[in-house]
Amino acid sequence: GDQVKQSPSALSLQEGTNSALRCNFSIATTTVQWFLQNPRGSLMNLFYLVPGTKENGRLKSTFNSKESYSTLHIRDAQLEDSGTYFCAAESTGNTRKLIFGLGTTLQVQP
Amino acid sequence: EAAVTQSPRNKVAVTGGKVTLSCNQTNNHNNMYWYRQDTGHGLRLIHYSYGAGSTEKGDIPDGYKASRPSQENFSLILELATPSQTSVYFCASGDAGLGGWEQYFGPGTRLTVL
C-alpha cells in the first residue's frame, strides 16, 4: 500500500454528482490499471493506461507518469457505481506484476 | 463466457490439511498470477507464471506452491494450511497490451482455515 497510495479511502456521493479518485505512485511504472470490485467481490477492469487519458461513458482516467499519479473521474454517479475502486501500477522489469493500492470505497446514495 | 474461472469458489479447510485452488483461463494468455486479498493489505502477489511449466515466486510466497501444467491451468497449493492463510484468493491472466501487460481476474475463492 505504501508504493501505491489511493485517496480518499472512502467516499459517499449523492446520485448525479461528480467526483475524482486519485492514486500516487512512489515506484516507477509504465502502465496503470483501474478496477472496480463490486459488492459480490468480482474485480472488473475499468481502464488500462499508458501515460495519457482514456474515457468510457461516465468514467475518465488520466495517467501522468512524469508526476507519478493517476486519477479516475466519475461523472453523474449512479447507484451501480458503488463498490471499491483499486488502482494498480505495473512494476518495471521482467515480472510484469501489479502493485495495488488499498482502494477507495465509494457509496452512492439515492 | 467468463475467461478466467476459479474453483472452488468457497472452501473450508482444517489446519494442517492440504488445499489446492484451481484456475483456468481461456484467454490464451502466457502469464498467470495468484494474489490474495486481505483487509488493510489490498491484493498481494503470491506466485506467477510465464507459461506452461514455469512458476515464479511473488512477494509473499511462503507457505504456498504453484503448478502450471498447461497454458490454461494454474494451481495454488497449500501443503499445510494455517489459519493465517484464511483469505480471498484471486487468479489472473495477463497479456501484452500498450507498453505493458493487462491483467484479467477470476471471481475469487474464499478460503477459511479453521
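The values are calculated or read from the model by the stated rules, or taken from the named source; none is laboratory data. These numbers were taken from a predicted model, which means no experiment stands behind them. In this analysis, Cβ positions are derived from the backbone assuming ideal geometry, glycine residues included, and neighbour counts consider all displayed protein chains. Protein only, heavy atoms only, side chains kept; ligands, DNA and RNA dropped before computing areas. Shrake-Rupley method; radii C 1.70, N 1.55, O 1.52, S 1.80 Å.
Odds and ends about this structure:
- Number of the exception - B:T20 against (1) modelled with pLDDT of 95 or more; (2) part of a loop (DSSP other than H, G, I, E, B): (2)
- For region B:31-88, the tally of residues that are farther than 27 Å from A:A10 by Cα, free of Cβ contacts under 8 Å to residues at least 24 places away in the same chain and part of a loop (DSSP other than H, G, I, E, B) stands at 11.
- Search result, residues across region B:93-114 that are more than 8 Å from chain A (Cβ to nearest Cβ), under 25 Å from A:V32 (Cβ atoms) and open to solvent by less than 10 Å² (accessible area, probe 1.4 Å): B:S93, B:G106
- Strands (runs of 3 or more DSSP E) completely within chain A that count 3 or more residues being in contact (Cβ under 8 Å) with a residue 60 or more places away in the chain and within 14 Å of another protein chain (Cβ to nearest Cβ): A:4-7, A:29-37, A:83-91, A:98-100
- Unmet requirement for B:V12, which otherwise passes all of (1) open to solvent by less than 80 Å² (accessible area, probe 1.4 Å); (2) in a strand (DSSP E or B); (3) touching a residue at least 24 places away in the same chain (Cβ under 8 Å): (1)
- Only one of the listed residues (B:H47, B:H29) is more than 20 Å from B:E79 (Cβ to Cβ) and surrounded by 14 or more Cβ atoms within 10 Å (Cβ to Cβ). That residue is B:H29.
- Hey, B:A66 crowded, with 19+ Cβ neighbours inside 10 Å, more than 14 Å from the chain's Cα centre (by Cα) and more than 10 Å from chain A (Cβ to nearest Cβ) or not: no
- Within region A:69-110, being closer than 16 Å to A:S19 by Cβ and basic (K, R) holds for one residue alone: A:R75.
- Residue satisfying condition, being out of contact with any Asp or Glu (no Cβ under 7 Å at 6 or more places or on another chain) and closer than 17 Å to B:T5 by Cβ, within set B:P61, B:P83, B:P69: B:P69
- Residues of region B:32-44 that turn out to be in contact with a Phe, Trp or Tyr (Cβ under 8 Å, 6 or more places away or on another chain) and either open to solvent by less than 10 Å² (accessible area, probe 1.4 Å) or of a type outside the set (K, R) (or both), as a count: 7
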